[in-house]
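Worksheet: one structure, shown below.
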Amino acid sequence: MPPPDPRPLADQIEDLLPQTQCTKCGYTGCRPYAVAIADGEADINQCPPGGIEGVARLAHLLGRKVIPLNPVNGYERPRPVAFIDESLCIGCTLCIQACPVDAILGAAKQMHTILPSLCTGCDLCVAPCPVDCIVMYPVTDERTGWDAWNAEQAAAARARHDFRAMRLRRESEENDARLAAKAVEKMKAVHALTPATAAEEAEKERKRAIIAAAMERARAKAAGNDDPSA
């Protein structure tokens with residue numbers, strides 16, 4: 001009998017998920033779904049890509065009964081791969097932003113293309129496309145669930161997903177740093193102008209004082225000319 005796995009339960013559950021990151025389970029990816037199962041907040045039958053075999057694997061780990069997939073989350077099906085009609089693609093990059101495993105190549109205002117060997121069939125690139133140029137084609141004949149996927153593919157998809165998340169986090173931090181630096185430079189520029197502004201105000205005050213003194217002398221002189229005893 002193998003020794004018990006010392007890792008957290010969420011880690012063990014995540015290892016049994018197909019890592020398509022499709023969000024059909026109702027969570028933002030396989031890891032959040034695994035955590036939700038471990039915490040008792042989600043059931044084991046919410047992953048259509050894993051199919052009934054995936055439910056059975058989770059049931060075995062957790063000591064539960066095998067139950068049918070929840071149709072609310074979708075149905076088990078042959079694994080599809082996304083395909084872009086390149087004649088319709090406008091290069092908007094929305095599909096690239098939606099792909100959780102970096103399986104789409106392209107740049108703004110340039111034609112995009114899917115890398116079939118990297119695509120997990122998650123469907124997430126379809127809805128954002130404004131010109132409906134993306135379709136999903138089944139590529140596993142009648143094979144569904146884990147019969148249409150394997151542990152090596154799942155591990156590679158997880159690695160790409162995690163790398164993408166790390167890259168996006170780094171880009172966000174770098175952007176925040178750039179904005180903070182710009183704010184600092186702007187404040188420095190404001191502070192640099194402050195002495196000049198103070199000097200200008202001092203000069204204006206000096207001129208006002210000269211004018212006030214001249215007016216006072218003029219009034220005093222006029223008052224003296226009106227004095228009969230002068």
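Placing +1 on the Cβ of every Lys and Arg and -1 on the Cβ of every Asp and Glu, with no other charges, gives the chain a dipole of roughly 840 debye about its Cα centre. Taking the chain, the Cys residues with no second Cys beta-carbon under 4.7 angstrom are C25, C30, C47, C89, C92, C99, C119, C129, C133. Here the extension length gained between N150 and A220 equals 14.9 nm, from 0.36 nm per residue of separation less the Cα-Cα distance. Inter-label distance, I211 to D162: 7.3 nm, where each label sits 7 Å from its Cα along the C-beta direction.
Tell me, what % of the accessible area of the chain is carbon and sulfur with a 1.4 angstrom probe? Carbon with sulfur: 61 percent of the solvent-accessible area. The 1.4 Å probe gives accessible areas that order V55, V184, largest first, as V184, V55.
Karplus-derived 3J(HN,Hα) values for segment 81-86, using 6.51 cos²θ - 1.76 cosθ + 1.60 with θ = phi - 60°, are 10, 6, 9, 9, 6, 5 Hz; glycine and proline are entered as x. When log10 I(q)/I(0) by the Debye sum over Cα atoms at q = 0.07, 0.09, 0.11, 0.12 Å⁻¹ is calculated for this entry, the matching label among [x] -0.21, -0.34, -0.52, -0.62; [y] -0.25, -0.41, -0.60, -0.71; [z] -0.42, -0.54, -0.71, -0.79 is [z]. Remark: accessible surface ordering of H161, H60, H112 (largest first) is H60, H161, H112, probe radius 1.4 Å.
Taking all protein chains together and rolling a 1.4 Å probe, T197 ends up with roughly 70 Å² accessible.
Which FRET efficiency value, to the nearest 0.05, is calculated for I90 and D11 with the Förster distance at 45 angstrom and r the Cβ-Cβ distance?
On the way: r = 41 Å, r/R0 = 0.92.
Efficiency, rounded to the nearest 0.05: 0.60.
Counting heavy atoms of the protein chains alone, R164 has an accessible area of about 40 Å² for a 1.4 Å probe.
Note on M166: accessible area approximately 90 square angstrom, rounded to 10, probe 1.4 Å, nucleic acids and ligands left out.
For the chain, there are no membrane-span-like helices by this rule, meaning no whole DSSP H stretch whose C-alpha atoms cover at least 18 Å of axis and whose Kyte-Doolittle mean is 0.0 or above; this says nothing about an actual membrane. Bridgeable aspartates and glutamates around K186 (alpha carbons under 17 Å apart, same-chain partners fewer than 8 residues away excluded): D176. Take the Cα of A202, step 7 Å toward its Cβ, do the same at A180, and the gap between the two points is 3.6 nm.
The values are calculated or read from the model by the stated rules, or taken from the named source; none is laboratory data. From a predicted model like this one, the values you see are computed outputs, not experimental measurements. Cβ sites come from the backbone with ideal geometry, for glycine too, and all protein chains shown count toward neighbours. When the accessible area is computed, the model is the full protein with side chains, heavy atoms only, and any ligands, DNA or RNA have been set aside. Shrake-Rupley method; radii C 1.70, N 1.55, O 1.52, S 1.80 Å.
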